[in-house]
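No value in this document is a laboratory result; all are computed from the given coordinates. All figures in this text were calculated on a predicted structure; none of them were measured in a lab. Backbone-built Cβ (ideal geometry, glycine too); neighbour counts: all protein chains shown.
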Amino acid sequence: MTCLVLRRRRRTRRTVSALAVLSLACGRTDFADQGDDEIGAPTSTGGESDTSVDSSESESGESSSDDTTDTTDTTESTESTESSSETRGSTSTEESTESTESTDTAESTDTAGSTDTAESTDTAESEDSTDTGPIDECSAEALAGAFAPQELDGLDAPAVAVDILDLTATIDFSPSETQAYASTILSFRVGEDGGMPVLDLRQDINLAILDDQSIDAALLDRRDFGWGMDAGFRVLAVELEPCSEHTLELDYWLEIPDAPMAGGLQYLAAPLGLQFDSWSSDLNPGRYLEAWLPANLPFDRSPISLVLALQDAEQPHTLLSNAEVEELSQHQWLLEFPETTTAMAPLIVVQPTSDLEVVSGEHLAGNGQLIPYTVAKHASVGQGLAQLELATRSYLDEFVASTGDYPHPAMLAYISEDSRSMEYDGALTTKPQDLGHEVFHSWWARGLHPQTYADGWIDEAWTMYNTTAGWSFTVEPYDFVNILDEPAVLLYVDDPFFRDTVTESYWGGRRLFAGLAAIMGLDELRAAMAELYELRMDEDFLGWIDTETLEWHLYCASDSDTRVMDAFYRFVRGNEDLPPSLPPMCN
């Protein structure tokens, strides 16, 4: 296969995304063999015992979305699974299709000991082979919100957060061979704490090159950070100097990701074609960008240049993405994601053109903002495209009024009965009944991003409170006199390596805001949340939100009403005992 690899180039400005809908004809090249000499890994000090969903499930994957919950369910169900949607369809009941299927995968069980880049015992290469030296500045800001260095069994140096500078990649799909190959180049910088870099990729690495030197892929084995191997991260078991800058090249056959309930990749026969979807999820680990490409934790933002090619297809295909897209040739696209991109942000959908209806336009919202939009409807959806377009525009009007300006260059909505309901930066995939929920996430979730995976409860809870038919903007007091009689609810786990949004975040989170409305007053609560959104957003770089910031902001907005802190103590952090002594007053 002919692979166009883009060498890394650093972005210094925010790239304005342009939604692309390209209907192209067919092309054909051949796969190229891959291979290189490797430096052996150090003696294994431990093994992985990972389990994951059998890839055979992925062809159908999650037949419904995991990101929404029933908008008319009168029972506040806590059941949420990868096959249930984030607002669980407007006509659904307490159905749960939770799957616990998992089978062992053939992932390498070797772990690797430390290999210092300047004093490797496994190679006679020069001392600077894996260290390009310190840079002029080692910005702490680039790692704001990152985790502290971690001591892990089997590693001779701490596992550390790094700042990804950019990622360039190619993915070549061949429907006739039912296979795809990915080549990636990741540039990154180590922070003030030197050590072994942490990142993630849920593919089986075929070739690894660190700073132009081939290394054993076992040096990138997945490690357990306290929540099991499914929730683990890869650690590059090479100790790197503080403030040093590096490149890591990874090549691999692209398959169904080694992550729970993964899907999103299906080859079509007669005529040959492809169905691809980012298929991201916040309810299972390893389901963001790392499912397909090497990626960091949520704190990091960096640009991505991706060449995506579809070889030997026998029918035209349409690409939907929130990237800036350039057609390079027939069925070959260059996708440029801006420097604001987190692992949660990118959306890539490829579908046969015959299965889609697409409309694009510009919507003059009620706040005077002109919002370009694209609505794509899959043939599986019974509703008409015009009806879905009108609904999308109506939701944009509603939410600019309640929350603020639309924070993205454009809106892309892909609506399918076979899709997951999931949010991306300025884009979404959804079932028709979950459209409003997912549009609202353009503000809370992919405008104001969660600082950590665990902070994802915030956007789900607030979105449910704003958009759930029959349950939005209710006022439901807690019994603070008999607080121990109120069941404790755990929404937030204070650990940067906890990778799942707690399923109770949807209905339990909605109930939390209903209780806060009883403390503060509904109008005051909504005003405080709108104020927080505005305070935390950056005009050029989107924003972050974390649990402590939300708690303190609402506490201060309530004139230091201690019941706000009490509610967070019991109904967010899940504590069973009485709250501690009074918190300080706001000033």
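The table that follows gives values for the structure above.
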| quantity | calculated |
| --- | --- |
| Under 5 Å, built H, 5+ apart or other chain: amide partners of residue 411 | 373, 374 |
| Calculated Rg and Dmax of segment 318-363 using C-alpha coordinates, Å | 12.3, 33 |
| Rg/Rg_ref, segment 521-587, where Rg_ref = 2.2 N^0.38 Å and atoms are Cα | 1.22 |
| Under 5 Å, built H, 5+ apart or other chain: amide partners of residue 339 | 15 |
| Global form of segment 454-525, assessed from the alpha-carbon gyration tensor, a/c cut-off 1.5 | oblate |
| Cα gyration tensor shape for segment 474-587, rounded if a/c is under 1.5, else prolate or oblate | oblate |
| Percent RCO, i.e. relative contact order, over segment 353-446, from Cα pairs under 8 Å lying at least 6 residues apart | 25 percent |
| Zero-based 5 Å bins, Cα pair distances in segment 161-263, whole percents | 3, 12, 20, 23, 20, 13, 6, 2, 1, 0 |
| Segment 263-271 - phi-based ³J(HN,Hα) in whole Hz, Karplus 6.51/-1.76/1.60, Gly and Pro as x | x, x, 10, 8, 9, 10, 10, 6, x |
| Around residue 296: net Lys/Arg minus Asp/Glu count, Cβ-Cβ under 10 Å | -3 |
| Neighbour-limited loop hits for GluC sites (Glu not before Pro), segment 450-537 (at most 13 other Cβ within 10 Å; DSSP other than H, G, I, E, B) | none |
| Estimated vicinal HN-Hα couplings, Hz - segment 209-225 in sequence order (Karplus 6.51, -1.76, 1.60; Gly, Pro = x) | 9, 10, 6, 6, 10, 5, 10, 5, 4, 5, 5, 10, 4, 6, 10, 8, 9 |
| Sequence-distant residues sharing a close amide H with residue 328 (under 5 Å, placed H) | 333, 334 |
| Proximal charge balance of residue 264 [Cβ under 9 Å; K/R count +1, D/E count -1] | 0 |
| Fraction of alpha-carbon pairs over 22 Å apart in segment 353-446 - percent | 19 percent |
